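Below: the structure, in structure tokens.
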Amino acid sequence: MKKVLTIAGSDCSGGAGIQADIKTITVHKMYAMSVITALTAQNTTGVYGIQECDAEFVGKQMDCIFTDIRPDAVKIGMVSNEKIIREIAGRLKKYRAQDVVLDPVMISTSGSRLISKDASEALKEELFPLAAVVTPNLMEAEALCGFSVGSPKDMERAAEKIAQYGPGAVLIKGGHLKDGADDLLYEKGRCTWFSSKRIENPNTHGTGCTLSSAIACSLAAGYPLERSVKNAKNYLTGALEDGLDLGKGSGPLNHMYRLSPFANGYPFR
Ligand SMILES: Nc1ncnc2c1ncn2[C@@H]1O[C@H](COP(=O)(O)OP(=O)(O)OP(=O)(O)O)[C@@H](O)[C@H]1O
Ligand SMILES: Cc1ncc(COP(=O)(O)O)c(N)n1
């Protein structure tokens, strides 16, 4: 059984963060482990409170995992302050973690800041060089590269700039584009586009968390990055297309949307 670790914040309403990650990993028939960096009080309408975890305790959780059940891949989501980021980076290096997928979560769909302003620098310096791929959305790409990113051409320019922070690759997600929902993978100077039709569903809470966990699962299964992104995009599209409608705001995805193809193990071969 492949093992995948998520290092992220808890979303008590189950749509994003740790909960979305564990659902994704489990539906991929893999063993999910979690290091919780923060508790959030949130639901489909917004984020109403954040309780950060003590940084040393984040490190302790990582020690417990890496010295016992070693993960085949790691997904990183919400890491809200510099101390937590440094603790995570130190442990990833110490344990030589492989196949790290970093979702640089900055602001929630509902508009709340999930990372402190000064932590963005630490994220770039400490965690980007350890990641096989980083997966910013358009707004995060803007914050990282310092110019506005609203078109496919901008995405290509932004990816090239973000790649300079040292990750293996950059995937800029196009979920917030005006037309379509095309994602751009920039790897070793090469751009590959992953196109999909735009699904008219306002319930997109946790799409980024789900995509990054699904990429980590495919990497854990041994697929190369490009194919892993393709698999993850297919998984995400199915979970969004299913049209689950829960809560009063932007609701969660349906991870059980086609459970039967998963019955015999990893479904994308
Ligand atoms: N309406 C949509 N139709 C089709 N695909 C979408 C749609 N919205 C988002 N996606 C896809 O979902 C994935 C996540 O992209 P998005 O840009 O929404 O990330 P995000 O903003 O980080 O997500 P989150 O909502 O978790 O913060 C991408 O593969 C994107 O193309
Ligand atoms: C704990 C946690 N992690 C990540 C997100 C981002 O997801 P979204 O942008 O869909 O709100 C979130 N809302 N909460």
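The values are calculated or read from the model by the stated rules, or taken from the named source; none is laboratory data. Predicted model, so just to flag it, every value in this text is computed and none were measured. All Cβ positions, glycine included, derive from the backbone under ideal geometry; neighbour counts span all protein chains shown.
Can you say whether Ala220 is over 18 Å from Gln19 (Cα atoms) and at pLDDT 95 or above, as far as the supplied structure shows?
Details: over 18 Å from Gln19 (Cα atoms): yes; at pLDDT 95 or above: yes.
The answer is yes for Ala220.
From the list Glu126, Glu82, Glu52, Glu56, which one is within 22 Å of Ala159 (Cα to Cα) and either touching a Lys or Arg at 6+ places or on another chain (Cβ under 7 Å) or surrounded by fewer than 24 Cβ atoms within 10 Å (Cβ to Cβ) (or both)? Lay out the reasoning, then the answer.
Details: Glu82 fails: within 22 Å of Ala159 (Cα to Cα); Glu52 fails: within 22 Å of Ala159 (Cα to Cα); Glu56 fails: within 22 Å of Ala159 (Cα to Cα).
Matching residue, one of Glu126, Glu82, Glu52, Glu56: Glu126.
Checking the structure you have, find out if any residue of segment 107-119 is out of contact with any Leu (no Cβ under 8 Å at 6 or more places or on another chain), at pLDDT below 95 and assigned to a strand (DSSP E or B).
yes
Name every residue in segment 80-104 that is in a loop (DSSP other than H, G, I, E, B) and touching a helix residue (DSSP H, G or I) at 6+ places or on another chain (Cβ under 7 Å), in order of residue number.
Ser80, Asn81, Tyr95, Asp99, Asp103, Pro104
Please determine, by comparing only the residues of segment 155-193 that are of a type in the set (Phe, Trp, Tyr) and surrounded by fewer than 19 Cβ atoms within 10 Å (Cβ to Cβ), which one is farthest from ligand 2 (Cβ to nearest atom).
The residue in question is Trp193.
Within segment 149-207, which residues are among the basic types (Lys, Arg) and farther than 24 Å from Gln98 by Cβ?
Let us first name the residues in segment 149-207 that are among the basic types (Lys, Arg), namely 153, 157, 161, 173, 178, 188, 190, 197-198.
Hits for segment 149-207 are Lys153, Arg157, Lys161, Lys178, Lys197, Arg198.
Looking at (1) surrounded by fewer than 20 Cβ atoms within 10 Å (Cβ to Cβ); (2) away from ligand 1 (no atom under 12 Å from the Cβ); (3) closer than 19 Å to Lys230 by Cβ; (4) not hydrophobic (A, V, I, L, M, F, W, C), which is the one condition that is false for Asp99?
It is condition (1) that Asp99 fails.
I'm told Ile69 meets every condition in (1) part of a helix (DSSP H, G or I); (2) hydrophobic (A, V, I, L, M, F, W, C); (3) in contact (Cβ under 8 Å) with a residue 60 or more places away in the chain except one. Can you identify the failing condition by its number?
With respect to (1) part of a helix (DSSP H, G or I); (2) hydrophobic (A, V, I, L, M, F, W, C); (3) in contact (Cβ under 8 Å) with a residue 60 or more places away in the chain, Ile69 is out only on (1).
Check whether at least one residue in segment 128-141 is small (Gly, Ala, Ser), over 16 Å from the mean Cα position of the chain (by Cα) and either modelled with pLDDT of 95 or more or over 18 Å from Asp21 (Cα atoms) (or both), and report yes or no. Walk me through it before giving the result.
First, the residues of segment 128-141 that are small (Gly, Ala, Ser): 131-132, 141.
Then keep just the ones that are over 16 Å from the mean Cα position of the chain (by Cα); that gives none.
The answer is no; no qualifying residue exists.
Conditions (1) among the polar types (S, T, N, Q); (2) under 18 Å from the mean Cα position of the chain (by Cα); (3) buried (at least 18 other Cβ atoms within 10 Å of the Cβ), marked per residue:
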| site | (1), (2), (3) |
| --- | --- |
| Ser10 | yes, yes, yes |
| Gly17 | no, yes, yes |
| Ile22 | no, yes, yes |
| Val27 | no, yes, yes |
| Ala41 | no, no, no |
| Phe66 | no, no, yes |
| Ala73 | no, yes, yes |
| Arg91 | no, no, yes |
| Val105 | no, yes, yes |
